[in-house]
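First comes the structure, then the notes that go with it.
The values are calculated or read from the model by the stated rules, or taken from the named source; none is laboratory data. Not measured: the values here are computed from a predicted model. Positions of Cβ are generated from backbone atoms using ideal geometry, with glycine treated the same way; all protein chains shown enter the neighbour counts. SASA here: full protein model, heavy atoms, side chains in, ligands and nucleic acids out. Shrake-Rupley method; radii C 1.70, N 1.55, O 1.52, S 1.80 Å.
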Amino acid sequence: MNVDINSSNSGRPTSANEATLIVIGGGAAGFFCAVNAARLAPNLNVTILEKTGKLLSKVKVSGGGRCNVTHAVFEVPELSRRYPRGQSFIKKTAHHFGTADTIEWFRERGVQIKREDDGRMFPITNDSQTIIDCLLQDARRFGVTIKTGTEVKSISKEGDRFQLTTADSQLLNANYVCIATGGYPKAAMFQWLQTLGHTVAEPVPSLFTFNLTKHPITALMGVAAQPVRVKIEGSKLSEEGPVLITHWGLSGPAVLRLSAWGARELAQKEYKFKAHLNWMPSYNEQTLKAEMQDMRQAHPAKKVANHNFTKLPARLFQFLLQQSGITEEQRFADLPAKAENTLIRQLVDYVVEVQGKTTFKEEFVTAGGINLSEVDANTMESRKLPGVYFAGEVLDVDGITGGFNFQHAWSSGAIAARAIAAKVGA
């Protein structure tokens, strides 16, 4: 099912004395704020403005089209450690609306969320459309107006109301505004928010893969190994987990987590650095050398190529043998010391020159955004301009891969909705 909506839905009529909320952004955070605010405050008129023709586009593509709704981390301190930026902020927001709240919210609407072995959580249908349909259904149920193709260019305060100017020069008025535009890749794109008095942490990409220009290992595209330890030379950055070899370089959870934790540091390096891979992280050079000696004694007549002692995928093992100058016919007894030492280094310290990055599918995340000191984590309200709220990736919060960025979207959207509904009720 296509989620493009090219005309406004009718929402419901607005009376002259009715409070109005405009949510800018039709993604996960924006929708969650809108539907919850409309539900909690029945006398609040809610409108979502989306600048493109597509709603919930990241929800659609996340998790290979299955939507990685959240991650099975329920303790707040543990959850906060999955966010390279915004840990203290998450410690506060997760107390108000955490992982268990997300699962329960969807369950109440007939959407069962299941846990996979790695902790990621998906709808039991394995289809992101289930999440999209749930959110659209709530929008219809509570009379949320949705306008696509509507880009907001400026916000100003006119008396006790806000005036929003769109790209096609419409003027819209609201008592409350929730900004849930997602991350912007360039600082200049935040300018319309900086005019509200907010400052911005410089945006840089996060969750990207490593490009290995013309490296022979890319011939193994599609091969995955785990666990692999990946370290950045000249840095404290190190991650261990699955690594996927692609036609352009290296991807997989270990690489993506590194890109998140190292977002600013790797940007300063202009994405040119050396990465060290230990394909057998339970070993170092000394312990693997001792293991090799044992194998020489135990299997002197065996061909090295026929004895994959590494538990690595066969294609990767054969590739590393070739890189070490070991032929298919060489036996352990005949293995020259130089070739053995080279193989040991290739297995525990395989060094690649990274030359750039590639966005990870359509699930890219931007590190940076509205400075968190300027937003109340308990309400999502701007400390600079009361009545303006923020939700989602527009804030300087980003998580590693695995559902953590969606959890932030649900948490911040729900908190903003509750705070706005409380004001309307008051």
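Being over 26 Å from PHE210 (Cα atoms) and open to solvent by 10 Å² or more (accessible area, probe 1.4 Å): is that true of GLU393 here? Before the answer, list the steps.
On the way: over 26 Å from PHE210 (Cα atoms): no; open to solvent by 10 Å² or more (accessible area, probe 1.4 Å): yes.
No; evaluated as a whole, the condition is false for this residue.
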Quiz item: Which of the residues spanning the range 317-375 are open to solvent by less than 40 Å² (accessible area, probe 1.4 Å) and among the aromatic types (Phe, Trp, Tyr)?
Solution: PHE317, PHE319, PHE332, TYR350, PHE360
Quiz prompt | Subset of the range 175-190 (residues that are open to solvent by 10 Å² or more (accessible area, probe 1.4 Å) and part of a helix (DSSP H, G or I)) | solution = ALA187, ALA188, MET189
Exercise. Run down ALA339, ALA333, ALA414 and say which single residue is within 29 Å of the chain's Cα centre (by Cα) and assigned to a helix (DSSP H, G or I).
Key: ALA414
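Would it be correct to say that LEU312 is closer than 16 Å to TRP279 by Cα, hydrophobic (A, V, I, L, M, F, W, C) and outside any helix (DSSP H, G or I)?
On the way: closer than 16 Å to TRP279 by Cα: yes; hydrophobic (A, V, I, L, M, F, W, C): yes; outside any helix (DSSP H, G or I): yes.
It is true that LEU312 is closer than 16 Å to TRP279 by Cα, hydrophobic (A, V, I, L, M, F, W, C) and outside any helix (DSSP H, G or I).
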Quiz item: Only one of (1) more than 18 Å from the chain's Cα centre (by Cα); (2) surrounded by 15 or more Cβ atoms within 10 Å (Cβ to Cβ) is not met by GLY222, so which one is it?
Solution: (2)
Quiz item: Does any residue in the range 139-157 that is on the phi > 0 side of the Ramachandran plot come within less than 8 Å, Cβ to Cβ, of a residue that is part of a helix (DSSP H, G or I) six or more places away or on a different chain, and which pairs are these?
Solution: GLY143/ALA38
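For residues that are in a helix (DSSP H, G or I) and open to solvent by 10 Å² or more (accessible area, probe 1.4 Å), scanning just the range 396-407, find the one that is farthest from HIS198 (Cα to Cα). Step through it out loud before you land on a result.
We begin by selecting, within the range 396-407, every residue in a helix (DSSP H, G or I); these are 404-407.
If we keep only those that are open to solvent by 10 Å² or more (accessible area, probe 1.4 Å) as well, we get 405-406.
Values: ASN405: 22, PHE406: 24 Å.
Looking at residues that are in a helix (DSSP H, G or I) and open to solvent by 10 Å² or more (accessible area, probe 1.4 Å), I get PHE406.
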Quiz item: For LEU171, all conditions in the list (1) within 30 Å of PRO77 (Cβ to Cβ); (2) open to solvent by 50 Å² or more (accessible area, probe 1.4 Å) hold save one; what is the number of the exception?
Solution: (1)
Quiz item: Which of (1) open to solvent by less than 50 Å² (accessible area, probe 1.4 Å); (2) farther than 25 Å from VAL388 by Cβ; (3) in contact with a strand residue (DSSP E or B) (Cβ under 7 Å, 6 or more places away or on another chain); (4) of a type in the set (A, V, I, L, M) does LEU136 not meet, given it meets every other one?
Solution: (3)
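Checking the conditions here, which among SER80, SER62 is among the hydroxyl-bearing types (Ser, Thr, Tyr) and at pLDDT 95 or above? Show your work before the answer.
On the way: SER62 fails: at pLDDT 95 or above.
Exactly one residue qualifies, and that residue is SER80.
So which residues in the range 58-85 are in a helix (DSSP H, G or I) and open to solvent by less than 60 Å² (accessible area, probe 1.4 Å)?
Filtering the range 58-85 down to residues in a helix (DSSP H, G or I) leaves 58-65, 76-80.
Once the filter is applied, which keeps residues that are in a helix (DSSP H, G or I) and open to solvent by less than 60 Å² (accessible area, probe 1.4 Å), the range 58-85 yields VAL59, VAL61, SER62, GLY63, GLY65, VAL76, LEU79, SER80.
When you go through LEU212, LEU193 one by one, which is the residue that is farther than 30 Å from ASP118 by Cβ, aliphatic (A, V, I, L, M) and crowded, with 18+ Cβ neighbours inside 10 Å?
Working: LEU212 fails: farther than 30 Å from ASP118 by Cβ.
So the residue among LEU212, LEU193 that is farther than 30 Å from ASP118 by Cβ, aliphatic (A, V, I, L, M) and crowded, with 18+ Cβ neighbours inside 10 Å is LEU193.
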